[in-house]
Amino acid sequence: MSVAALRGWTSSHRSFREPSALPGFGITFGFAVSYLSLIVLLPLAVLLARAADLGLDGIWRVATTPRVLAALQVSFFISAAAALVNAVFGSIAAWVLVRYEFPGKRLLDAMIDLPFALPTAVAGIALAALYATNGWIGSLFAPWGIKIAFTPWGILIALIFIGLPFVVRTVQPVLQDLDREVEEASATLGASRAQTVFRVVLPALLPALLTGVALAFARAVGEYGSVIFIAGNMPFVSEIAPLLIVTKLEEFDYAGAAAIATVMLAISFLALLAINGLQAYSRRRLGHA
Amino acid sequence: MAIAIRAEGLAKSFGGTVAVSGLDLAVEPGELLALLGPSGSGKTTFLRLVAGLESPTAGRILFGDEDATHLSVQDRRVGFVFQHYALFRHLTVAENIAYGLRVRPRRERPSDADIKRRVADLLDLVQLPGLDRRRPAQLSGGQRQRVALARALAVEPRVLLLDEPFGALDAKVRRDLRRWLREVHERTGHTTLFVTHDQEEALELADRVAIFDKGGVEQVGTPDDILDRPATPFVAGFVGEAVRVPVDAAGSWIRIGDHQVRTPGENAAGPAELFVRPGDLVPATDPATAIPARVIAVRRGGAARRAELLLTEGLPAVEIDLPAGHCARKGDVLPVSLATIRLFTSR
């Protein structure tokens with residue numbers, strides 16, 4: 001591309017580089033792009049290159065074998081379910097932490113982050129012990145013939161555990177800033193408390209809540225350590241896609257592993273794109289830029 | 001005469017802080033009553049107690065003959081307008097106005113067509129026709145406050161409560177909205193209470209003004225009562241930019257520093273306080289009663305020229321409004337006399 005053409009491009013895209021009272025766009029944009037390339041795009045490119053050895057139809061063949069399909073289903077459906085459960089209970093936890101004063105509040109607040117800090121394998125082992133048929137909680141369900149650990153329910157519980165902080169930490173600051181007067185206005189207009197929560201508070205929280213859900217979902221899809229200890233890892237029942245990738249690697253089937261990873265990447269990317277679209281829509285409704 | 005709202009011995013404290021104590025106030029039906037006072041005087045707390053947004057520590061609130069003290073916010077049917085609008089940002093203007101009707105139980109909810117008609121009428125009333133599809137973020141401050149008022153009026157409230165409704169707006173918009181609010185009040189006839197710390201706004205807009213201080217009502221009266229017949233030294237000092245000057249009273253004379261001034265009535269002998277407003281002083285015509293005052297500053301404010309005067313060294317400076325063409329300058333001696341004497345004998 002000639003210099004003249006380049007110049008033409010920049011001047012016709014004025015909004016891309018407008019002079020500003022807050023300079024620094026060039027240097028920060030350049031840094032962000034290089035950094036992102038190095039840390040995120042480059043490894044992903046290697047992944048795609050590896051998978052490309054199989055060709056598109058090769059990837060398709062690997063991804064559509066019954067065992068892989070089952071694992072992808074387990075991974076994505078249970079991750080989505082865990083994210084939704086966290087949306088509800090994470091919001092309630094954030095609400096309690098923001099709106100009420102009680103002894104031990106700071107302690108509880110700090111505990112929310114524990115799933116971030118704990119090695120996930122430790123969490124998986126602890127949860128498995130708790131929910132096994134002879135564990136404290138598992139034994140309560142065992143008489144009804146309900147097994148939690150070593151079934152898909154176990155996966156759900158592990159994914160809820162690791163995703164909780166994302167929802168709480170994204171909703172909390174927004175709830176903190178939420179104008180109390182808006183709720184009071186709703187009450188003076190005759191709305192019951194439930195109507196106020198569903199018609200006024202939740203719509204205001206929605207963008208943050210969706211961000212939290214997206215993060216929790218993404219984290220759950222990629223989770224490995226805690227799940228393999230509690231899942232039982234039965235093919236077609238409780239085997240997650242990341243485990244299948246590790247299995248392929250152990251069999252030195254690098255291309256096969258890369259193929260499954262590529263499919264996971266594509267599905268995750270589409271799901272996150274969809275959630276971001278929803279989020280942008282709900283932000284616009286709130287009158288943000 | 002019937003009473004729309006009555007507060008009896010109303011009190012509210014937050015933790016150890018007393019916001020309102022022993023407050024008695026009667027609001028007449030259809031009147032526009034301003035609650036005026038310095039910040040922290042309890043006027044907003046009182047408004048919130050009437051709305052049911054706070055519950056009183058003691059005392060009663062009556063709506064007509066009905067005891068509303070323990071009525072929930074939802075059941076009080078009040079229209080509340082907040083200083084910062086408190087509009088629902090995710091709803092359009094029309095949805096904001098319709099909100100109070102939409103949340104009613106199905107049996108009492110008007111039909112969609114009725115709601116639509118009511119919203120259109122209210123948009124006309126608040127002079128915002130055609131903006132029904134906008135969102136609050138796309139409106140100016142003045143427009144938002146009009147929407148907030150329309151939203152409050154939509155539920156046909158028994159009383160309209162406005163908490164510093166124009167406090168966040170600039171001077172020009174405030175003046176326009178003030179006139180407009182008066183018009184809306186005359187057309188709808190709602191009993192209206194509005195909190196303000198702007199004297200000019202209160203005196204110009206309201207039928208009656210309640211002056212608040214330290215969690216209680218000092219005086220309730222027409223703007224004329226408040227300005228010309230202040231009931232307490234606080235009211236005399238609070239309204240009309242008055243300056244407190246300590247004087248000595250004896251019979252029909254008072255002594256201001258070295259000067260003797262004759263008063264119309266008889267006063268109890270002893271120390272007293274004279275409240276001097278800019279309009280109370282006039283350039284002297286009779287040298288016999290004149291006080292030679294020293295000019296310490298001259299400012300131009302609006303139509304008049306305002307001068308700060310020292311009546312006697314050591315007393316607080318008082319102010320006088322002079323015609324714009326007056327040639328008084330800093331350092332001059334200006335003979336003045338008191339056209340109005342507002343005196344409170346100290347206890």
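Using +1 at the Cβ of each Lys and Arg and -1 at the Cβ of each Asp and Glu in the protein assembly as shown, identify which of B:17, B:79, B:344 lies farthest towards the dipole's positive end.
It is B:79.
How far apart, in nm, are the 7 Å Cα→Cβ label points at residue B:333 and residue A:254?
Distance between label points: 10.6 nm.
Mind jotting down the three principal axis lengths of the protein assembly as shown based on Cα atoms? Whole angstrom, largest first.
Computed over the Cα atoms, the extents are 117, 74, 51 Å.
Starting from the exponent 0.38 and prefactor 2.2 Å, build the expected Rg for segment B:84-158 from its residue count and divide its actual Cα Rg by it. Mind showing how you got there, number by number?
Numbers: Rg = 11.6 Å, N = 75, 2.2 N^0.38 = 11.3 Å.
The reported ratio for this selection is 1.02.
Just subtract the alpha-carbon distance of residue B:232 and residue B:140 from 0.36 nm times their residue separation and send over the number in nm, one decimal.
29.0 nm
Provide a whole-number value for the mean count of partner chain Cβ atoms within 10 Å of the Cβ atoms in peptide B:103-111. Please report the intermediate quantities before stating the final value.
On the way: counts 10, 4, 2, 0, 0, 1, 0, 0, 0.
The per-residue average across the peptide is 2.
For B:128-138, what's the mean count of beta carbons from other chains sitting within 10 Å of each residue's beta carbon? If you can, show how the numbers build up before the last one.
Details: counts 0, 0, 0, 0, 0, 0, 1, 4, 2, 6, 1.
Mean inter-chain Cβ contacts per residue within 10 Å come to 1.
For labels at residue B:282 and residue A:133 in the simple 7 Å Cα→Cβ model, what's the distance in nm?
Spacing of the two 7 Å Cα→Cβ label points: 10.6 nm.
Take the alpha-carbon centre of segment B:170-184, take the same for segment A:70-127, and report the distance between them in whole Å.
So the separation of the two Cα centres works out to 51 Å.
Looking at segment A:236-289, which GluC sites (Glu not before Pro) are DSSP coil and have at most 13 other C-beta atoms within 10 Å of their C-beta? All intermediate terms of the calculation are to be shown ahead of the outcome.
Details: sites: A:239, A:250, A:251; in loops: A:239, A:251.
Qualifying residues, ordered by number: A:251.
Given the options B:311, B:325, B:254, identify the residue whose Cα lies farthest towards the positive end of the charge dipole of segment B:210-347 (+1 on Cβ of Lys, Arg; -1 on Cβ of Asp, Glu).
B:325
Averaging over all projection directions, find the projected area of the Cα convex hull of segment A:141-192 and quote it in nm² with one decimal place. It would help to have the intermediate numbers written out before the result.
Details: hull surface 26.0 nm².
Reported value for the Cα convex hull: 6.5 nm².
Quick check: Cα centre of segment B:277-325 to Cα centre of segment A:146-163, how many Å?
Taking the Cα centre of each part, segment B:277-325 and segment A:146-163 sit 84 Å apart.
Could you check the spin-label model distance between residue B:253 and residue A:121? Points 7 Å from the Cα along Cα→Cβ, value in nm.
10.3 nm
Report the FRET efficiency, 1/(1 + (r/R0)^6), for residue B:108 and residue B:31, where r is their Cβ-Cβ distance and R0 is 25 Å, rounded to 0.05. Show your work: numbers first, answer last.
Working: r = 29 Å, r/R0 = 1.15.
The computed FRET efficiency comes out at 0.30.
Between segment B:39-60 and segment A:234-256, how many Å separate their Cα centres?
About 66 Å separates the Cα centre of segment B:39-60 from the one of segment A:234-256.
Which one, A:263, A:286, A:230, projects farthest toward the positive side of the charge dipole computed for segment A:224-289 from Cβ point charges (K/R +1, D/E -1)?
The Cα lying farthest towards the positive end belongs to A:286.
What's the extension gain from residue A:194 to residue A:237 if we count 0.36 nm per residue and subtract their Cα-Cα distance? Before the final figure, lay out the partial values.
Numbers: separation 43, 0.36 × 43 = 15.48 nm, distance 3.95 nm.
Residue separation times 0.36 nm, minus the Cα-Cα distance, leaves 11.5 nm.
Sequence-distant or interchain residues sharing an amide H contact under 5 Å with residue B:332, placed H: which?
Correct list: B:295.
Please work out the FRET efficiency for the pair residue A:46 and residue A:113, using the Cβ-Cβ distance as r and a Förster radius of 51 Å; give the result to the nearest 0.05. Provide the component values of the computation, followed by the final result.
Details: r = 32 Å, r/R0 = 0.63.
Result of the calculation: an efficiency of 0.95.
³J(HN,Hα) across segment B:123-132 via Karplus (A = 6.51, B = -1.76, C = 1.60, θ = phi - 60°), whole Hz, x for Gly/Pro?
So the J values, rounded to whole Hz, are 4, 5, 4, 8, 6, 10, x, x, 9, 4.
Evaluate E = 1/(1 + (r/R0)^6) for residue A:84 and residue B:75, where r is the Cβ-Cβ distance and R0 equals 35 Å; express this FRET efficiency to the nearest 0.05.
0.45
No lab work stands behind these numbers, since they all come straight from the coordinates. Everything numeric here is computed off the predicted structure, so don't read it as measured data. We place every Cβ from the backbone using ideal geometry, glycine too, and count neighbours over all the protein chains shown.
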